[in-house]
């Protein structure tokens, strides 16, 4: 068994429950699809957000996708002057149980940075 992690980020259009749910759902779905990750492969999902979103919990989007038996955790990022506002980040450790020849090596993991959040990691943004 190998353990890897995939990460992603999205800048929310505005701090409101509907847009947060939609954009976090889009991000999490893209992360899973681009890396061929099934729900049974997830170990946990960590959400972080800048201090400014107050409208909803990002984890609600995962629950809305039917991810109900995976531990979810949200933390607040530090309030750094000049940092991009309204950003939600996801880190999802995954368990790879397939035979060794089909394991996803670290360089092939597709980290997903959507919209304006692509500026956060130009070196790896898809």
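The values are calculated or read from the model by the stated rules, or taken from the named source; none is laboratory data. On a predicted model such as this, the values are computed, not experimentally measured, just so you know. Methodologically, a virtual Cβ is constructed for each residue, glycine included, from the backbone with ideal geometry; neighbour enumeration extends over all protein chains shown.
Observations, loosely collected:
- Of the strands (runs of 3 or more DSSP E) entirely within region 1-83, those holding at least 3 residues that are closer than 25 Å to residue 109 by Cα and in contact (Cβ under 8 Å) with a residue 40 or more places away in the chain occupy 2-11, 45-49.
- One residue from 24, 70 being farther than 17 Å from residue 9 by Cα and modelled with pLDDT of 80 or more: 70
- Filter result for the condition that a residue is at pLDDT 90 or above, loosely packed, with under 13 Cβ neighbours inside 10 Å and in contact with a strand residue (DSSP E or B) (Cβ under 9 Å, 6 or more places away or on another chain), over 76, 11: 76
- Residues located in region 42-59, provided they are crowded, with 16+ Cβ neighbours inside 10 Å and closer than 19 Å to residue 19 by Cα: 47, 48, 49, 50, 53, 56, 57, 58, 59
- Screening residue 39 on (1) touching a strand residue (DSSP E or B) at 6+ places or on another chain (Cβ under 9 Å); (2) surrounded by fewer than 17 Cβ atoms within 10 Å (Cβ to Cβ); (3) closer than 14 Å to residue 93 by Cβ shows it passes everything except condition (1).
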